[in-house]
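To start, the structure itself, in structure tokens.
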């Protein structure tokens with residue numbers, strides 16, 4: 001089929017009834033009912049493991065249900081692959097984009113489609129159709145641009161263009177705003193409204209409750225594989241939705257008690273470093289964090305956050321500048337030496353840099369201090385003390401594990417993060433670097449992590465909080481720094497926050513003079 005002759009398949013209604021899907025030891029979908037209609041946004045909410053992804057993969061043909069049925073416009077359908085779903089007018093934009101960076105936008109859109117010119121793609125035809133779609137839906141992007149040259153928001157537009165080009169009228173969007181600036185979120189929202197006006201049906205998956213309420217027509221909440229409620233967005237509240245998700249009251253806004261800031265504990269001056277590609281990732285970064293202060297670092301992914309955290313933690317060499325703890329130069333110090341200076345580090349990649357997946361819970365809890373008292377006496381391990389302290393931390397940090405001997409890889413993501421918190425915070429750090437501490441966590445685990453970070457603030461720790469979730473930073477930080485292409489665009493006090501200004505700085509559009517620590 002030539003790429004120029006793809007027509008939209010109009011889906012007026014998709015209905016799923018009694019969907020059951022079981023994996024070894026897990027009932028992922030337990031007789032789930034769900035439906036979505038043209039001209040509406042129907043959101044799926046739920047904690048990690050609630051069954052959202054399983055249901056979406058069934059609707060997109062990636063999984064086959066054990067029982068239950070799916071119908072489109074009153075006719076029962078069976079999907080054996082995503083290709084079947086696409087033929088029925090269903091498209092899915094995954095949270096992690098599936099684009100070829102070295103290809104142009106048009107080449108990515110045409111990839112996998114037949115061409116009227118056999119081995120030669122109809123790129124001129126594709127480009128014309130892309131321009132038509134961008135005009136209709138406000139998805140402005142140059143068909144000739146290389147994907148690697150595009151911003152994250154523009155890459156997301158390419159993913160949407162791919163499925164619109166293939167004729168989809170029902171779109172499944174998995175965490176679509178997770179990597180966008182506030183301005184890009186607003187532009188994206190406008191695109192969704194245009195799609196709804198054009199008669200599309202949209203299934204929206206997000207953990208950002210304020211966005212869910214702003215965008216949705218209906219909201220279905222899953223818990224442990226079951227539907228616990230479907231409610232109209234009009235009249236719903238964040239607190240009520242969180243209660244449905246978790247089954248109890250959830251504190252969404254943490255208390256931010258007044259504290260007296262201490263002296264500067266962490267300072268970086270003129271810090272430069274290269275990324276994994278060998279190209280500059282940090283370009284003269286200046287930051288200071290005081291005792292009892294949380295400094296939030298905001299920015300779109302890939303602007304130097306990971307490299308900054310790794311340089312401070314001694315896991316990446318700097319190419320210039322200085323890092324000091326309590327006035328002591330620790331630039332280039334080994335991680336083990338930084339522990340002696342009071343650093344605790346919650347890494348971005350918890351399964352790579354934060355834990356050893358084949359070790360037990362107990363072994364991971366003492367990973368950094370196994371050779372020190374009270375866990376060791378010279379070359380001899382104090383197993384009784386290790387057991388007692390592990391049990392104490394498991395209880396204190398509510399780590400859900402069968403025992404301290406359980407392999408870490410058997411735990412959920414939220415419990416692994418609790419383990420890292422337990423290990424790092426039990427060391428009573430003077431400096432804490434927390435990189436993406438709630439990434440991938442559900443609402444109850446996020447609530448727990450936030451409460452612990454605030455407790456650490458009260459205890460006097462200087463915390464550098466690095467997060468791509470701007471809501472998290474606004475909730476926790478005393479000051480907010482914005483990083484763009486390895487440079488600090490500005491630093492604002494909590495009481496002076498202007499979300500629009502922060503969004504512009506995140507996009508590299510506006511630069512603000514830093515407010516010096518007084």
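Please treat every number below as a calculation from the coordinates, not as lab data. Worth saying up front: this structure is predicted, and the values here are computed from it rather than measured. As a convention, Cβ positions derive from the backbone with ideal geometry for all residues, glycine included, and neighbour counts pool all protein chains shown.
Determine, for 94, 450, 80, the number of other Cβ atoms within 10 Å of each Cβ, and report the residues in order from fewest to most.
In order of increasing Cβ crowding within 10 Å: 80, 94, 450.
Could you please rank 443, 433, 93, placing first whichever residue has the fewest other Cβ atoms within 10 Å of its Cβ?
Placing the least packed residue first, the sequence is 93, 443, 433.
For n ≥ 4 DSSP H runs only, could you compute -39500 (n - 2.57) per run for the chain, divide by its residues and tell me the 222 nm figure to the nearest 500?
-9000 deg cm²/dmol
Give me Rg/Rg_expected for the chain, where Rg uses Cα atoms only and Rg_expected = 2.2 N^0.38 Å with N residues.
This ratio for the chain stands at 1.04.
Let me test this: with uniform point scatterers at the alpha carbons of segment 403-518, what is the Debye-based log₁₀ I(q)/I(0) at q = 0.17 1/Å?
Debye curve over Cα of segment 403-518, log10 I(q)/I(0) at q = 0.17 Å⁻¹: -0.91.
Determine the gain in length on full extension of the stretch residue 194-residue 359; use 0.36 nm per residue of separation and subtract their C-alpha separation, reporting nm with one decimal.
54.3 nm
Using only the alpha-carbon atoms, how far is helix 152-165 inclined from the longest principal axis of the chain? Give it as 0 to 90 degrees, nearest 10.
For helix 152-165, the angle is close to 20 degrees.
Remind me, relative contact order of segment 54-180 in percent, using alpha carbon pairs under 8 angstrom and six or more residues apart?
Answer for segment 54-180 is 32 percent.
Cut-off is 10 Å between beta-carbons; in what order do 369, 73, 255 appear when sorted fewest neighbours first?
By the 10 Å Cβ count, ascending: 255, 73, 369.
Roughly what would the spin-label model give for residue 279 and residue 20, points 7 Å off Cα along C-beta, in nm?
5.3 nm
Report the extension gain between residue 315 and residue 71 in nm, rounded to one decimal, defined as 0.36 nm multiplied by the number of residues separating them, less their alpha carbon distance.
Additional length available on full extension: 82.6 nm.
In nm, to one decimal, how far is the modelled label at residue 391 from the one at residue 98, with both set 7 Å along Cα→Cβ?
Those two pseudo-labels are separated by 4.9 nm.
To one decimal place, what Kirkwood hydrodynamic radius in Å is obtained for segment 356-426 from all pairs of distinct Cα atoms?
Across segment 356-426, the inverse of the average 1/r is 12.0 Å.
If you wrap segment 131-270's Cα atoms in a convex hull and average its projection over all directions, what's the area in nm²?
Taking a quarter of the hull surface, the average projection is 13.8 nm².
Just want to confirm a number: the relative contact order over the chain, from Cα pairs under 8 angstrom separated by 6+ residues, in percent.
It rounds to 15 percent for the chain.
As an exercise, use a Förster radius of 41 Å and the Cβ-Cβ distance of residue 148 and residue 322 to find the FRET efficiency, rounded to the nearest 0.05.
Once rounded, the FRET efficiency stands at 0.80.
Ratio of segment 306-395's C-alpha Rg to 2.2 N^0.38 Å, to two decimals?
1.25
Between the helical axis of 383-396 and the dominant principal axis of the chain, each derived from Cα atoms, what acute angle in degrees is found, rounded to the nearest 10?
Tilt of helix 383-396: around 50 degrees.
Any idea what diffusion coefficient segment 3-246 gets from Stokes-Einstein, in µm²/s, Kirkwood Rh on alpha carbon pairs, 37 °C, 0.692 mPa s?
Roughly 177 µm²/s, to the nearest whole number.
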